[in-house]
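Enquirer: Here's a structure for you.
Just so it is clear, none of the values below were taken in a lab; they were calculated from the coordinates. Please read these numbers as outputs of a predicted model, since none were measured by experiment. Neighbour counts are summed over all protein chains in view; Cβ atoms, including those assigned to glycine, are modelled from backbone coordinates with ideal geometry.
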Ligand SMILES: Nc1nc2c(ncn2[C@@H]2O[C@H](COP(=O)(O)OP(=O)(O)OP(=O)(O)O)[C@@H](O)[C@H]2O)c(=O)[nH]1
Ligand SMILES: [Mg+2]
Ligand SMILES: [Zn+2]
């Protein structure tokens, strides 16, 4: 047996202000203190920890192979989750989906080189908002992976095989059912699931910090708190268009290499594709919304 003072490998399962829950190689968890130089650790980080007289402490960190980042309330760019293979963007018939939020996640995932899966949850409620399914299928048509899920076991099984043994992070608005889906995938655990308050379509924020769950068949799922908006102001305006998958084949048709895709007179491949109907006006408007809010905005 390794001595208590040896540094042991671990995984950050949840991050609180001054401590983190760390899972060791046997799957047991403990609360650890963090050295000040490791204050940026988040769910999914691979670390080394050791036990001393004052308790368990995280002493080192392995490099991240990927990270999902977004600005915090003060505009500081912060990692949400580390070492993820897949961003599962969850929408539902209620609360009402915002296509622009989906597009923002898709851009962030592209920049972070992380795969995506768009999940329409609450399939049992689709009849109350058929547009939610139409929205999902629009993403399928432009080449994104999609899946529907809901209370049925067969839907959960399909999602389970789509996830495979990846490490995925579940993101999206509050109340869409991220924690509920994870509960269904991990029947032995009971996450906190909030009732979507009557009439308040924004839902209620139940999950307060990202948390990692280990799946018995391999892989991990990271639950994350619901969000209302996803800031991309830190992104270079030139890097937004490549995050719109169906724009990519048209980018070589722009006369200028640094084309903003906003000015028709510049012979823009994206605007030409929009005119031909090869790019949907909704996605183009979403693109304009994002580039007009980045700090390097061409406006
Ligand atoms: N009808 C229906 N309701 C669901 C389904 N999945 C989740 N819900 C309900 O949706 C509400 C919100 O679920 P949560 O899992 O807490 O949502 P969340 O996305 O984790 O929310 P935050 O943690 O706030 O981000 C709860 O009342 C769930 O019971 C579903 O497939 N069908
Ligand atoms: Mg939740
Ligand atoms: Zn262009």
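Enquirer: Have a look at the DSSP beta bridges in the stretch 67-223 and tell me what percent are antiparallel, nearest 5. Walk me through the numbers on the way to the answer.
Expert: Values: 9 of 25 bridges.
Roughly 35 percent of the DSSP beta bridges within the stretch 67-223 come out antiparallel.
Enquirer: Remind me, relative contact order of the chain in percent, using alpha carbon pairs under 8 angstrom and six or more residues apart?
Expert: Relative contact order here is 14 percent.
Enquirer: Could you work out the helix-only [θ] at 222 nm for the chain, with each DSSP H run of four or more residues adding -39,500 (n - 2.57) and the total divided by the number of residues, to the nearest 500 deg cm²/dmol?
Expert: Details: 6 runs with 63 residues, N = 299.
Result for the chain: -6500 deg cm²/dmol, rounded to the nearest 500.
Enquirer: Find the centroid of the Cα atoms in the stretch 72-98 and in the stretch 229-256, then give the distance between the two in whole Å.
Expert: Distance between centres, Cα-based: 19 Å.
Enquirer: In percent, how large is the relative contact order of the stretch 237-291, given Cα pairs closer than 8 Å and 6 or more residues apart? Present the calculation step by step, with values, prior to reporting the outcome.
Expert: Details: 55 pairs, mean separation 17.4, N = 55.
Normalised by residue count, the contact order of the stretch 237-291 is 32 percent.
Enquirer: Calculate I(q)/I(0) for the chain by the Debye formula, one identical point scatterer on each C-alpha and no solvent, and give its log10 at q = 0.09, 0.12, 0.15 Å⁻¹ to two decimals.
Expert: -0.49, -0.83, -1.18
Enquirer: Nearest 5 is fine: what % of DSSP beta bridges in the chain come out antiparallel, could you say?
Expert: So the antiparallel bridges amount to about 60 percent of the total.
Enquirer: Please work out the Cα convex hull volume for the stretch 8-61 and give it in Å³ per residue.
Expert: Working: hull volume 3.6 nm³, N = 54.
That works out to 67 Å³ per residue.
Enquirer: Taking the simple approach of a point 7 Å from Cα along Cα-to-Cβ for both residue 152 and residue 30, what is their distance in nm?
Expert: 4.7 nm
Enquirer: Here's a follow-up. With angles folded into 0 to 90 degrees, how steeply does helix 281-291 sit against the dominant principal axis of the chain? Use alpha carbons for both and round to 10.
Expert: The two axes meet at around 60 degrees.
Enquirer: Please work out, to two decimal places, the log10 of the ratio I(q)/I(0) at q = 0.22 Å⁻¹ from a Debye calculation in which every Cα of the stretch 45-168 carries one identical scatterer.
Expert: Log10 I(q)/I(0), no solvent term: -1.28.
Enquirer: FRET efficiency for residue 296 and residue 78, Cβ-Cβ distance as r, R0 = 22 Å, nearest 0.05?
Expert: So, using R0 = 22 Å, E works out to roughly 0.65.
Enquirer: Give the distance, in whole Å, between the Cα centre of the stretch 138-189 and the Cα centre of the stretch 26-44.
Expert: First find each Cα centre; the distance between them is then 27 Å.
Enquirer: Before anything else, pin down the relative contact order of the stretch 8-61: Cα pairs under 8 Å, at least 6 apart, normalised by residue count, whole percent.
Expert: It comes to 36 percent, rounded to a whole number.
Enquirer: Report, in degrees rounded to the nearest 10, the 0 to 90 angle that the Cα long axis of helix 130-141 makes with the longest principal axis of the chain.
Expert: In the chain, helix 130-141 runs at an angle near 90 degrees to the longest axis.
Enquirer: In degrees between 0 and 90, to the nearest 10, how far off the longest principal axis of the chain does helix 99-111 point, with axes built from Cα atoms?
Expert: Taking Cα atoms only, the helix is inclined about 70 degrees.
Enquirer: Further, regarding this structure: Which residue, 156, 208, 167, has the most motion in a Gaussian network model of the chain that connects Cα atoms within less than 10 Å?
Expert: Looking only at 156, 208, 167, the biggest GNM fluctuation is shown by 208.
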